[in-house]
1. If I take R0 = 22 Å and measure r between the Cβ atoms of ARG108 and ALA148 in this structure, what FRET efficiency does the formula 1/(1 + (r/R0)^6) give, to the nearest 0.05?
2. Considering amide H positions built from the backbone, and no H for Pro or chain starts, which residues 5 or more places from LEU24, or on another chain, come under 5 Å of its amide H?
3. Give the separation of the Cα centroids, the range 39-88 to the range 185-215, in Å.
4. Once phi is turned into ³J(HN,Hα) by the Karplus curve 6.51 cos²θ - 1.76 cosθ + 1.60 with θ = phi - 60°, what whole-Hz value does each residue of the range 231-241 show in order, with x for glycine and proline?
5. Return the long-range amide H neighbours of LEU74 (sequence gap of 5 or more, or a different chain), with a cut-off of under 5 Å between placed amide H atoms.
6. Under 26 Å Cα-Cα from LYS152, which lysines qualify once same-chain neighbours fewer than 8 residues away are excluded?
7. Once a ≥ b ≥ c are taken as the square roots of the eigenvalues of the Cα gyration tensor of the range 67-356, is the result rounded (a/c under 1.5), prolate (a/b larger than b/c) or oblate (a/b not larger than b/c)?
8. Rounding to the nearest 20 debye, state how big the charge dipole of the chain is about its Cα centre with +1 on each Lys and Arg Cβ and -1 on each Asp and Glu Cβ.
Amino acid sequence: MNAPWDGLWLDCRLATMQGEDLGLIEDGALGWRDGLITYAGARAQLPPDHAARQVQSLDGALVTPGLIDCHTHLVFGGDRAHEFELRLHGASYEEIARSGGGIAASVRATRAADEAALLAQSLPRARALLREGVTTLEIKSGYGLDLASELKMLRVARALGTRLGMQVRTTLLAAHALPPEYAQRADDYIEHICSTILPAAAQAGLVDAVDAFCEKIAFSPAQTRRVFDCARALGLPVKLHADQLSDLGGAALAASFGALSADHLEWTSAQGVQAMAAAGTVAVLLPGAWYALRETRLPPIEALRSAGVPLAVATDLNPGTSPLLSLRLALNMACTLFRLTPTEALRGATVNAARALGLSDRGRLAAGLRADCVAWQVREPAALCYWIGGDLTRALRVGGACADARADPA
Ligand code: DI6
Ligand code: FE
């Protein structure tokens, strides 16, 4: 007789994400033990020894894998609400950056905050995502831009996961912007990343992947390649902020390194799409930044779809171009603005988001995978993309443990 399961949900609609669509199972059952799914399937086919310590009937509620936000800059000091007002009065994002605002403003605030303060400022943002079903969160550095501050950011990112019981994957984005001490010396800063920041962060075990902002207002393809060569030498996977404001061939560059993902992609060419398809690189769509910047050029969604490039959707939560505290709202934007189907959007925040992080142990409901799952207050999967805002979460498990941000009132 096997040990009893830790939990069993009955009478639910399972969106397993198995196969190429939602993998829906009506009148389903989901069991777990020791943090892993033991059964995900029809209730009628439950194995005989499915006794569980806690059994809940969900009255036909929808159950999905835990949501995965695969692209965030969630840790940062201060905010840039005043820049939001400046932009409403006609200032452009670039003009604000050139006058010392933008990322540089967040760098100053992040460097000035000690680790406890940075954690305290970041907790409410992580809690907001947890409350709406995000069980795995990617968090980038990139507002420190010196060794001590980049390590501080990455430690805070990991601490958020420990504190809230969420899974956190950390990405080093030291190549996000040029710090003031390296003004006019971008190549020297890239060398500092490669010789000092990246090796130290990797040595400290704080880096799961490496990213760069390949853009005219940030770093060139050659500088990006230099950082990626360093990441490859350290055995770290890469991902890239690619072709967001112009076509610098970022998507093809990312694909040439076998990147986990290329993100933004508004200006990606047909060649870039083909390169991503050949490399298996995931397209991470970030409609929050597109919306906040009032962009007009859409990513090549139909080309990506036709080429079979996996589509993921994320918040790009950051203080400048995407102060978006809701992955579900990102899903609504992906459908409404980018014309994804609800099935594409939901797969984009589960199985394809897991792939964008190089994770195969989550993002689907199947025996042996992590017991990260959400029971919702809706029956229709499309309702998760349809409702704009609101609290639709009914129950949440991270590795089988009850994780409710409301339980962490601090
Ligand atoms: N692309 C973006 O839209 C953000 N970073 C990036 O690489 C902007 C981040 C900020 O404005 O703080
Ligand atoms: Fe970003």
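Just so you know, all these numbers are worked out from the coordinates, no wet-lab data involved. All of these numbers come straight from a predicted model, not from anything done at the bench. Backbone-built Cβ (ideal geometry, glycine too); neighbour counts: all protein chains shown.
1. 0.90
2. Sorted by chain and number, the residues that satisfy this are THR16.
3. 31
4. 4, 4, 5, 8, x, 9, x, 10, 8, 8, 6
5. So LEU74 has HN proximity to LYS140.
6. Cross-link targets: LYS140, LYS239.
7. Judged from the Cα gyration tensor, the range 67-356 comes out rounded (a/c under 1.5).
8. The dipole of the chain has a size of about 360 debye.
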